[in-house]
Amino acid sequence: MNNTSPQPRLGISIGRNALLLATFALACTAIIAGTFLLTADSIEEQKRQARLKALYEIIPREIHDNNLLEDSVDLKLTALGHRGSQTLYLARKNNRPIAVIYPVTARDGYSGNIDMLVGITVNDRSVAGVRVLQHRETPGLGDKIDRRKSSWIDAFRGRSLTNPPTEQWSVKKDGGAFDGFTGATITPRAVINAVRDTLDYHNNHYLTLRNQF
């Protein structure tokens, strides 16, 4: 009569399978980590190029002669939605400041934060331009804040706290001077408020801020 038990062999099989699974998991982790390390620099460079493109759309190359990426300062401005240090840029012509480009985060978008750059001129304290860098607003509705989807964002160029008056810095639905989006009022309202807040910050703090550059 054969009394040999299959349990030891079964235990060996389970142990071997567990080892194989662990080895496979480690290999996958190594591949993912390696891919991240290989692509991290590329992702950062893409972000840098996207930001540089937005900067040049706000302050075209022909109206300034300095390096915007180098003529910058890192500050945390909670009034502009910053939760950490952000980079502000100064545009100069013949070494004279002509505009400050502020990173701004509107935290009251419909689907979350709306990150953008807002350029404010030094001479007349008006908006030089606005570009949205990142958002999660609803495709086909709120995403019209993106210059690739709509020219709506261009309506801020040349505006100031007197054009229109402060009380009219809102969508027309709220009695303001700016167009909204059909079916998506929250998104343009958030952007309008953020641009107005940037103008207000610039008017009150530029003379102190320029000493940081």
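Computed from backbone phi with θ = phi - 60° and the Karplus coefficients 6.51, -1.76 and 1.60, the 3J(HN,Hα) list for segment 81-92 is x, 6, 10, x, 5, 10, 9, 9, 10, 10, 9, 10 Hz; x is used for glycine and proline. Look at the dipole of segment 85-128 built from charges on Cβ: of Leu90, Val118, Ile101, the Cα furthest out on the positive end belongs to Leu90. Magnitude of the charge dipole for segment 42-133, about its Cα centre and with charges confined to Cβ atoms of Lys, Arg (+1) and Asp, Glu (-1), is about 100 debye. Peptides 123-133, 75-85, ordered by how many other C-beta atoms sit within 10 Å of their residues on average, highest first, read 123-133, 75-85. Extending 7 Å from the Cα toward the beta-carbon at both Leu133 and Asn94 defines two label points whose distance is 3.2 nm. Database remark: amide H of Arg147 closer than 5 angstrom to the amide H of Val132 (H placed geometrically; neighbours at sequence offset of 5 or more, or on other chains; Pro and chain starts carry no H). With θ taken as phi - 60° and the Karplus curve 6.51 cos²θ - 1.76 cosθ + 1.60 applied, the whole-hertz 3J(HN,Hα) list for segment 93-98 is 9, 6, 6, 9, x, 10 Hz, x standing for glycine and proline.
Using a probe radius of 1.4 angstrom, the carbon and sulfur fraction of the accessible surface of segment 112-213 is 42%. The protection proxy used here, the mean number of other Cβ atoms lying within 10 Å of each residue, ranks peptides 91-98, 197-204 as follows, highest first: 197-204, 91-98.
The values are calculated or read from the model by the stated rules, or taken from the named source; none is laboratory data. Remember, it's a predicted structure, so these values are computed and weren't measured experimentally. Every residue, glycine as well, gets a Cβ built from its backbone with ideal geometry; the counts of neighbours run over all protein chains shown. For the accessible areas, the whole protein counts, side chains as well, though only heavy atoms, and no ligand, DNA or RNA atoms are used. Shrake-Rupley method; radii C 1.70, N 1.55, O 1.52, S 1.80 Å.
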